[in-house]
Amino acid sequence: MPPHPHARPDVMAALREDRASVSFLEGTTAVYVKGNRAMSEDDVNRTLSDWMHWYRIYTSDADSVDQRQLADFTERFAEMVIGVGGARQADEILAVLDSAIRRSLESGSQVGSLYLAKASVLGMGIAESEERHELYVEAVAAASPGTADWMRAMLALARYRTDTSRYGDALKLCREIRRHISDATADFECGVLAEEGIARFTSFRQLRAAEESLAHACGSTWEDRAHDIQAVARWVASAYHYRARLADLDGDHAPALELYLRGAEFQRLCPQETYSTAFVHLRISEPLISMALFDDAQEHLNEAQRGFDNCRNKASGDQQAQLGSATLAAARGDIAKARGLIETVLEEARAKNYWRGELLALGFLLALESRALRAGRVLRHSWQILRTLRRGELARNGTILVLTRIPLLLPVAVRRMSRPQVRLRRLRRSRDPRPRLDRCPCPLHDRSAVAGSG
């Protein structure tokens with residue numbers, strides 16, 4: 001009987017003893033292929049290295065390779081890599097993916113998911129690159145229009161377009177997907193709704209339309225499907241996530257927290273997605289800071305940083321976790337610590353020529369100095385923001401569109417960084433009829449849930 005894939009020493013010992021056994025190779029590979037699709041992030045990170053070793057062993061003897069089984073194996077491997085966003089062994093994973101892509105092209109096997117997996121791993125270094133864009137385009141080209149593989153690749157390309165500030169292109173791709181949806185691919189309507197809402201929110205175009213798309217994406221029909229289809233669970237979680245950001249932008253912090261926590265319930269249906277789960281914790285911390293629940297916010301920031309460390313994300317998540325910590329420090333009155341954290345992020349972004357990260361850090365500095373009423377620094381950072389915008393966002397989306405974001409976002413950041421006394425007075429004046437929270441009502445902080453589990 002083949003060893004359990006999580007029992008790494010047994011796997012290695014068995015490989016040494018039975019390397020030439022075709023039946024053993026095929027049997028053990030089948031165990032990997034049929035592995036639980038709801039693995040935890042820790043299980044995924046532990047198992048990926050076993051899978052890579054097994055791939056090398058399985059493909060070392062051409063006579064022992066069942067091409068169909070190998071295709072199933074690499075497809076599952078790609079799913080896991082996409083889920084964790086590259087995990088901890090990026091160079092090794094890229095080498096295996098390159099080998100798998102060559103073999104798939106030679107055998108005529110499905111290759112689109114491998115392109116998507118490679119793009120996901122490359123995204124751990126920096127969000128935007130021509131190679132990543134080409135991989136998404138190749139994934140689309142590798143599938144027939146209207147098929148599930150094609151729609152997955154198109155949605156991934158749409159998200160990349162949004163992440164690189166090409167919002168109009170992302171919306172065009174969503175319209176093209178919708179044109180091809182059939183009864184067999186009806187679930188992808190949820191994905192299109194979510195991506196449309198995310199593109200509109202991120203661009204600050206038609207925020208009301210963004211809310212409508214996102215609300216439809218987490219309707220009762222899709223919530224029910226989410227318990228059976230993990231992709232739908234992912235889209236529903238994303239829709240709730242961005243609805244929460246809209247509510248937080250409007251200053252509705254308690255409703256925003258409720259929406260974040262509802263989305264987290266669906267994100268837990270995708271436990272292997274370390275990166276997305278980390279962002280859930282990061283965003284939950286934001287309304288908690290606004291509601292002066294600082295200790296709970298700190299615990300969520302700790303969870304976010306732990307998740308980003310697990311997937312070794314250095315493109316965006318790690319920076320945003322540090323900026324979240326800076327916001328919390330400012331809200332607690334430690335301006336020096338907040339400024340130091342933001343300046344560290346700014347230096348790292350500039351060192352990587354990562355203009356979006358630079359712009360984000362400058363925006364936080366602008367909010368911090370506005371909160372501290374330092375007019376000279378506010379003017380200096382405003383000028384730096386405009387110079388940075390010229391290199392990226394302004395070139396893609398126009399001056400008026402970008403500059404209209406600043407009046408929307410700056411007051412939110414300044415309020416969140418405001419002095420504790422000011423924050424408490426504002427909370428007391430709130431018109432929200434619901435009682436003010438004294439604890440985050442999530443599983444991490446729910447005392448009754450903790451007590452019941454003992």
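The values are calculated or read from the model by the stated rules, or taken from the named source; none is laboratory data. As the structure is a prediction and not an experimental result, all values here were calculated from the model. Note that each Cβ is placed from the backbone with ideal geometry, even for glycine, and that neighbours are counted across all protein chains shown. We work out accessible area using only protein heavy atoms, side chains counted, and drop any ligands, DNA or RNA first. Shrake-Rupley method; radii C 1.70, N 1.55, O 1.52, S 1.80 Å.
Hey, any hits in the stretch 227-248 for a residue that's in contact with a helix residue (DSSP H, G or I) (Cβ under 9 Å, 6 or more places away or on another chain), at negative phi and of a type in the set (Asp, Glu)? Yes, the stretch 227-248 has at least one match.
The residue that is surrounded by the most Cβ atoms within 10 Å (Cβ to Cβ), counting only those in the stretch 146-184 that are of a type outside the set (Gly, Ala, Ser) and over 27 Å from residue 210 (Cβ atoms), is 149. Based on this model, can you work out whether residue 200 counts as modelled with pLDDT of 95 or more and part of a helix (DSSP H, G or I)? Spelling it out, it is not the case that residue 200 is modelled with pLDDT of 95 or more and part of a helix (DSSP H, G or I). Taking the stretch 207-246 as the region of interest, how many residues are among the aliphatic types (A, V, I, L, M), under 17 Å from the mean Cα position of the chain (by Cα) and closer than 19 Å to residue 258 by Cβ? The number of residues fulfilling the criteria is 6. The condition of being buried (at least 19 other Cβ atoms within 10 Å of the Cβ), modelled with pLDDT under 80, under 30 Å from residue 183 (Cβ atoms) and under 21 Å from the mean Cα position of the chain (by Cα) does not hold for residue 119. The stretch 266-338 holds helices (runs of 4 or more DSSP H) entirely within its bounds, and those carrying 1 or more residues that are more than 16 Å from the chain's Cα centre (by Cα), within 14 Å of residue 442 (Cα to Cα) and at pLDDT 90 or above map to 274-290, 294-311. Looking across 290, 285, one residue alone is closer than 14 Å to residue 253 by Cβ and out of contact with any Lys or Arg (no Cβ under 8 Å at 6 or more places or on another chain). It is 285. The set of residues from the stretch 233-258 being in contact with a Pro (Cβ under 6 Å, 6 or more places away or on another chain) and either open to solvent by 30 Å² or more (accessible area, probe 1.4 Å) or not in a helix (DSSP H, G or I) (or both) comprises just one member, 253. Set side by side, the residues 194, 231, 215 differ, and just one is aliphatic (A, V, I, L, M) and at pLDDT below 95, which is 231.
Output yes when any residue across the stretch 94-106 is closer than 27 Å to residue 266 by Cβ and surrounded by 19 or more Cβ atoms within 10 Å (Cβ to Cβ), and no when none is. No, because not a single residue in the stretch 94-106 is closer than 27 Å to residue 266 by Cβ and surrounded by 19 or more Cβ atoms within 10 Å (Cβ to Cβ). Close Cβ contacts (under 6 Å, 6 or more residues apart or on different chains) running from residues in the stretch 261-286 that are of a type in the set (Phe, Trp, Tyr) to residues that are assigned to a loop (DSSP other than H, G, I, E, B) and open to solvent by less than 30 Å² (accessible area, probe 1.4 Å) comprise 275/85; 275/313. Taking the criterion of being in a helix (DSSP H, G or I) and over 15 Å from residue 119 (Cβ atoms), the residues of the stretch 137-172 that qualify are 148, 150, 151, 167, 168, 169, 170, 171, 172. Could you list, ordered by first residue, the pairs with Cβ atoms under 6 Å in which the first is in the stretch 198-219 and on the phi > 0 side of the Ramachandran plot and the second is open to solvent by 40 Å² or more (accessible area, probe 1.4 Å), at least 6 apart or interchain? Here the result reads 206/200, each pair linking the stretch 198-219 to a residue that is open to solvent by 40 Å² or more (accessible area, probe 1.4 Å). Restricting attention to the stretch 349-383, the residues being at pLDDT below 60 and either open to solvent by less than 60 Å² (accessible area, probe 1.4 Å) or assigned to a helix (DSSP H, G or I) (or both) number 7.
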